[in-house]
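Chemist: Encoded as C-alpha cells, here's the structure I'll be asking about.
Read-outs: derived from the displayed coordinates by stated rules, not from any lab. What you are looking at is a predicted structure, and each value in this text was computed from that prediction instead of being measured. Neighbour counts run over all protein chains shown; Cβ positions are idealised from the backbone, glycine included.
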Amino acid sequence: MSELSSIFDPKRRQRFRRQLLSWYNTHQRDLPWRGVNDPYAVWISEIMLQQTVVAAVIPYFEKFMTRFPDLQTLANAEESEVLQYWEGLGYYSRARNIHKSAKIIVQEYQGKFPTSLKSLQKLPGIGRYTAGAICSFAYDQSAPIVEANTLRLYSRLIGLEEDPRSKSGQNQLWDFAELILPRKSPGIFNQALMDLGSLVCTPQNPACNQCPVSSACEAFLKDRQHKIPIPKVRPEITPLTDVSIAVFEGHKVMIRQRMSGERWAGLWDFPRFTLENMNGLAHPALKKRKSNGQKMLFAEHNNERSGKDDFPTGLSVDVVPRLEEYLREHAGVKASLHQFVAEIRHNVTRYKIRLLCFVAIVESADASQVSSSRLQSEEQALYRWVTVSELEAYPLSVTGRKFAKLLAQEIPSFD
DNA sequence: AAGGCGGGGGC
DNA sequence: GCCCCAGCCTT
C-alpha cells in the first residue's frame, strides 16, 4: 500500500471526509427515514432494511409507522397484527423480534429507548450494525457501521483481497469504520458512506469515474474494483415439490399457525408438506411435467382418463390416497382430495419450489373430530376453521396469500 | 465457520 | 436468468 496517499494517513483521512460530505450534500438520497432522529423510527427502518432493498421497504415503513407510530402502540399490539404489517417483507423473525423488543423496552426500560450500543445489542434482532446505526443516526453518537454498502466501499478503499465476511475481514472492516469516523456529525457521515456505497460504489460496474474519493481508493488505484470484494459463495439450489391443501368443511377452511422453529413461524398456512419428505413417495409420484398446464377438476380429469393419468403438474394420481392419509395423520382431518387449483412456483433460501395447491372436502360433518391421540408431532399446532374472507385478517406467507386469493376469486362457491 | 431465514429489486 | 440486498441468530 502506498504510504503517503494511504487512506490510513491522518491527512488523507481528513481529505476523504471533506470529499465525501461535499458529494453527499448534492447526491444524498431522499428517504422517508432520513433526517429523522426518533430512535423508534430509526429502529423500525433499520430492522426492515436488514437484507432488504430500500425500494421494497419504503411502502412497508410508511404503513407500519401509520399503524404503530410509537413504542407504546407497538408494545400493546398483538403479534399477529404486527406480522400482518410485515406480510410479504420476509424474514418474519424480524417482526416477532421488534414486537418482543417493544415489550421489553416498555417493561424493563420504563418505555425509554436504550441509548447505548451495549444495551441496544441486548434486544433481540439488534446486532452490531443496527445498534451502531441507531446510535449514530438517532443520537449522533460516534458508532461505526458495517453493512452491505459500507462493506463493499471499505473493502475497496482498503484493497481488501481476503473474504470480507470472514472473522479477519470483519475485524479489518470494523477497525476501518471506526478509524474513518469523524468526531463531528458521525450520523450524517455514516449515512453519506452508505449512500456512496449504494449509488456509486455498486456491486457491478462501480462508477469510479464519478466517485469523489477514487483517488483514495486502493482497489481503484490497482484496478481491482471489479474483483473486490470477493463474491459470496452461492449455495446449491435444490428443487422441491410441495403440496398445500385447503381442506373445506362447508364454507370453512382449515388453517394452522406455523410454529417456532418452522419456516414462516407465527404466520398461518394451509396444511402443507414436501413430497420429498414423504417416504419414497416423491420419486414414483413425480413424472415428467406435461405441456398442458391448465388446471382442471380432479373429478373430470378422473372420468376422462379413467383415473390412471397424471395431474397437469406431472403429479401422479396414485399419490392421492397418500395425501389423504397424510392429511389425516398430520392435520387430524379425514378429507378427500377434490380439486387441483394451481401450481405456484417460488424460491425460498436455497430451494426452488413447485407448490401444488389442492382443495379437499371433509368427508362427514363430524369427521374433523379426530382424536388428538392420533396426531403426530406437528399437531401441537394451533388449528382454526375460518371462511375464505376471514383469511384477510390472518398473516400468511406470500404463497399462502396467493392460494387464498385463488380460493376467493376463482372458487367463490367455497366462501 | 456455516447454515437458516423470504421475498423481490434491478439488470 | 442471476446477483444481491442498511443482518442476526443458532449450531
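Chemist: Could you give the angle, 0 to 90 degrees to the nearest 10, between helix A:93-108's Cα long axis and the longest principal axis of the Cα atoms of chain A?
Modeler: 70 degrees
Chemist: Which cross-chain or sequence-distant (5 or more) residues have an amide H under 5 Å from the amide H of A:ALA342, H modelled 1.01 Å from N in plane?
Modeler: Residues meeting the amide H criterion: A:CYS357.
Chemist: Looking at this model, which pairs from A:LYS63/A:LYS100; A:LYS118/A:LYS402; A:LYS63/A:LYS405; A:LYS103/A:LYS167; A:LYS100/A:LYS334 are more than 31 angstrom apart at the alpha-carbon? Before the final figure, lay out each step's value.
Modeler: Details: A:LYS63/A:LYS100 20 Å; A:LYS118/A:LYS402 42 Å; A:LYS63/A:LYS405 22 Å; A:LYS103/A:LYS167 33 Å; A:LYS100/A:LYS334 38 Å.
Result: A:LYS118/A:LYS402; A:LYS103/A:LYS167; A:LYS100/A:LYS334 exceed 31 Å.
Chemist: Please give me, ordered by residue number, the GluC sites (Glu not before Pro) of region A:214-277 that lie in loop per DSSP and have at most 11 other Cβ atoms within 10 Å. Numbers along the way, then the final one.
Modeler: Values: sites: A:GLU218, A:GLU236, A:GLU249, A:GLU262, A:GLU276; in loops: A:GLU236.
Here the sparse-neighbourhood loop sites are A:GLU236.
Chemist: A:ALA246's amide H: which non-local residues (gap 5+, or another chain) put their own amide H closer than 5 Å, with H modeled 1.01 Å from N in plane and none for Pro or chain starts?
Modeler: Amide H to amide H, under 5 Å and 5 or more residues apart or across chains, A:ALA246 pairs with A:PHE358, A:VAL359, A:ALA360.
Chemist: Still on this model: Just to be sure I understand the model, the point goes 7 Å from the Cα along the line to the Cβ. What's the resulting A:GLN51 to A:ASP70 distance in nm?
Modeler: Distance between the two pseudo-spin positions: 3.3 nm.
Chemist: Take A:LEU382, project a point 7 Å from its Cα along the Cβ direction, then tell me which residues of region A:319-342 have their backbone nitrogen under 14 Å from it.
Modeler: Once the point is set 7 Å along Cα→Cβ of A:LEU382, nothing inside region A:319-342 turns out to lie under 14 Å by backbone N.
Chemist: Rg and Dmax of chain A, Cα atoms, in Å?
Modeler: For chain A, the Cα-based Rg and Dmax read 26.5, 84 Å.
Chemist: State the antiparallel share, in %, of DSSP beta bridges confined to chain A, rounding to the nearest 5.
Modeler: Numbers: 27 of 40 bridges.
That works out to approximately 70 percent antiparallel.
Chemist: With θ taken as phi - 60° and the coefficients 6.51, -1.76 and 1.60, list the Karplus ³J(HN,Hα) couplings across region A:43-49 in order, rounded to whole Hz; mark glycine and proline as x.
Modeler: 4, 4, 4, 5, 5, 4, 7
Chemist: With θ set to phi - 60° and the Karplus curve 6.51 cos²θ - 1.76 cosθ + 1.60, what are the ³J(HN,Hα) couplings of region A:114-119 in order, to the nearest whole Hz, using x for Gly and Pro?
Modeler: Residue by residue, region A:114-119 yields x, 10, 10, 3, 5, 5 Hz.
Chemist: Next up: At A:LEU31 and A:LYS184, where each label point lies 7 Å from the Cα along Cα→Cβ, what is the point-to-point distance in nanometres?
Modeler: Label-label distance for A:LEU31 and A:LYS184, simple model: 2.5 nm.
Chemist: Next question, about the same structure. Starting from the Cα of A:LYS103, step 7 Å along the direction of its Cβ; do the same at A:SER389; then give the gap between the two resulting points in nm.
Modeler: 3.2 nm
Chemist: ³J(HN,Hα) across region A:167-181 via Karplus (A = 6.51, B = -1.76, C = 1.60, θ = phi - 60°), whole Hz, x for Gly/Pro?
Modeler: Result, rounded to whole Hz: 4, 5, x, 4, 4, 5, 5, 5, 4, 5, 4, 6, 5, 7, 5.
Chemist: On to the next question. How many angstrom lie between the Cα centre of region A:70-116 and the Cα centre of region A:178-205?
Modeler: Computed from Cα coordinates, the inter-centre distance equals 28 Å.
Chemist: Answer rounded, prolate or oblate for region A:10-221, using the Cα gyration tensor with square roots of eigenvalues a ≥ b ≥ c: rounded when a/c is under 1.5, else prolate when a/b is larger than b/c, else oblate. Before the final figure, lay out each step's value.
Modeler: Working: a/c = 1.99, a/b = 1.82, b/c = 1.09.
Note, shape of region A:10-221 comes out prolate.
Chemist: Would you pull out the residues with amide H under 5 Å of A:ILE353's amide H, same chain only if 5 or more places away, H placed 1.01 Å from N?
Modeler: A:LEU240, A:HIS346, A:ASN347, A:VAL348
Chemist: Could you work out [θ]222 nm for chain A from helices alone, using -39500 (n - 2.57) per DSSP H run of at least four and dividing by all its residues? Round to the nearest 500 deg cm²/dmol. All intermediate terms of the calculation are to be shown ahead of the outcome.
Modeler: On the way: 16 runs with 170 residues, N = 415.
Per the formula, -12500 deg cm²/dmol.
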